[in-house]
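Okay, so here's the structure we're looking at.
The values are calculated or read from the model by the stated rules, or taken from the named source; none is laboratory data. Given the structure is predicted, the values throughout are model-derived calculations rather than measurements. Here the Cβ positions follow ideal geometry from the backbone for every residue, glycine too, while neighbour counts run over all protein chains shown. The protein model used for the area step is the full one, side chains on, heavy atoms only, and it has no ligands, DNA or RNA in it. Shrake-Rupley method; radii C 1.70, N 1.55, O 1.52, S 1.80 Å.
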Amino acid sequence: MKLSRRRFLHLVATAAALPAFSRCARAQAYPARPVRVLEGFGSGSSADLVARLIGHWLSERLGQHFVIENRPGAGSNVATEAVVRSAPDGYTLLTCVTAVAGLLRMSLVVLVNPSLAAKTLPEFIDYAKANPGKVNIAVPGNGSGPHVAGELFKMMTEINIVNVPYRGPAPAFTDLISGQVQVMFVALPAAIGYIKAGELRALAVTGASRSSELPDVPAVAEFVQAYEASGWIGIGAPKSTPAEIIDKLNSNITAGLADPQLKARIKGLGADPMPMTPTQFGALMGDETEKWAKVVKFAGIRAE
């Protein structure tokens with residue numbers, strides 16, 4: 001079943017009216033059993049890596065296992081629909097959509113196979129213009145952040161490169177390393193290991209400025225004026241999840257993002273912690289949806 005972006009924005013958690021004592025008791029008892037966290041972008045994705053970090057933190061802090069389940073497909077709609085249909089009791093959560101808590105904001109990175117003749121972003125743009133329709137770009141998820149970031153780049157540089165879709169970043173990395181595709185936009189946390197190992201070359205990062213983890217890699221905006229595309233990850237829950245459970249999750253996640261060790265691990269992935277209230281995270285989702293609507297329309301992106 002297709003899930004529209006408009007529906008995403010209406011999945012903000014609200015609580016039914018209950019006596020104060022009952023709400024307090026329910027919050028204190030939660031979680032009484034393992035909690036599933038569905039992740040819709042696939043093993044090895046940034047959402048997967050970060051979900052496992054915060055899941056481990058919550059497991060230790062709240063005394064129950066937070067189990068990460070990969071459900072890739074349809075630009076994360078498969079995982080989203082599963083959570084939408086689950087009971088609103090706090091035991092089935094989701095990375096990225098319904099407002100519970102922000103986790104982090106991150107740059108994406110433009111990656112190429114080291115054998116490609118283009119060694120810099122301007123050289124890549126010139127190469128793509130000289131070879132229209134002959135350069136393949138890996139798309140790790142239809143409608144995903146990397147997909148729309150790549151489409152924005154194509155729109156602003158007026159290059160013609162061919163999308164090759166994948167169910168998540170893992171198979172896309174395999175084909176990029178083997179040379180089956182030539183370029184990929186992907187979130188920095190998922191890519192930084194390949195870059196530091198020399199398996200792939202980073203031409204540029206997509207944030208407004210350079211990344212502290214890759215200070216020698218320029219920002220796209222240094223060559224393509226006003227280009228900016230940063231990703232974000234959060235935790236969500238079904239509509240009508242009790243407010244006291246939402247608040248308990250939010251406060252514990254926020255504490256994790258302030259923990260020096262967890263904070264350092266997130267920074268080491270090339271990302272920045274993004275603590276937010278549910279209201280703030282919901283507002284961010286609305287703003288981002290509006291921002292990318294023109295790119296989605298230009299590229300003709302449709303939900304699978």
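Geometric descriptor of segment 163-211, per residue, is 88 Å³ (volume of the convex hull of the Cα atoms).
In the context of the full set of protein chains, residues of the chain present 44 Å² of accessible surface per residue (probe radius 1.4 Å, heavy atoms only). In order along segment 246-253, the phi-based Karplus estimate (6.51 cos²θ - 1.76 cosθ + 1.60, θ = phi - 60°) of 3J(HN,Hα) comes to 4, 5, 5, 4, 4, 5, 6, 5 Hz; Gly and Pro are listed as x.
Taking Cβ atoms as reference points and 11 Å as the exclusive limit, the residues near Glu151 contribute a net charge of +3, counting Lys and Arg as +1 and Asp and Glu as -1.
Length gained on full extension, Leu116 to Gln225: 36.8 nm, using 0.36 nm per residue less the C-alpha separation.
Please label the shape of segment 50-194 as rounded, prolate or oblate, based on the square roots a ≥ b ≥ c of the eigenvalues of the alpha-carbon gyration tensor (a/c under 1.5 means rounded; beyond that, a/b larger than b/c means prolate, else oblate). Here segment 50-194 falls in the prolate category.
Divide the volume of the convex hull around the Cα atoms of segment 134-191 by the residue count and you get 71 Å³ per residue.
Straight-line reach from Lys154: taking Cα to Cα under 17 Å and skipping same-chain neighbours fewer than 8 places apart, the lysines in range are Lys129, Lys134, Lys291, Lys294, Lys297. The mean sequence separation of alpha-carbon pairs under 8 Å and at least six residues apart, normalised by the residue count of the chain, gives a relative contact order of 29 percent. Electrostatic bookkeeping for Val217 treats Lys and Arg as +1 and Asp and Glu as -1; over the other residues with beta carbon under 11 Å from its beta carbon, the sum is -1.
Amide H to amide H, with H built 1.01 Å from N, Phe66 comes under 5 Å of Val35, Ser59, counting only residues 5 or more places away or on other chains.
The H on the amide N of Val139, modeled in the peptide plane, is under 5 Å from the matching H of Val164, Tyr166, each at least 5 residues off or on a different chain. For the chain, the longest principal axis of the alpha carbon atoms and the long axis of helix 278-299 meet at an angle near 30°. What the Cβ-Cβ distance of Ala255 and Lys196 gives, at R0 = 30 Å and to the nearest 0.05, is a FRET efficiency of 0.50. Quick one: work out the % antiparallel among DSSP beta bridges in the chain, nearest 5. Counting only bridges with both partners in the chain, antiparallel ones make up about 55 percent. Calculated on the alpha-carbon coordinates, the convex hull of segment 193-304 measures out at 158 cubic angstrom per residue. Of the residues Val109, Val83, Val164, which exhibits the maximal mean-square fluctuation in a Gaussian network model of the chain defined by a 10 Å Cα contact cut-off? Of Val109, Val83, Val164, the most mobile in the Gaussian network model is Val164. Residues whose amide H comes within less than 5 Å of that of Ala101, counting only those at least five positions distant or on another chain, are Ile235 (H built at 1.01 Å from N in the peptide plane). Taken about its Cα centre, the chain carries a charge dipole of about 620 debye when Lys and Arg each add +1 at the Cβ and Asp and Glu each add -1 at the Cβ.
With K and R counted +1 and D and E -1, the other residues having a Cβ less than 12 Å from that of Leu262 yield a net charge of +3.
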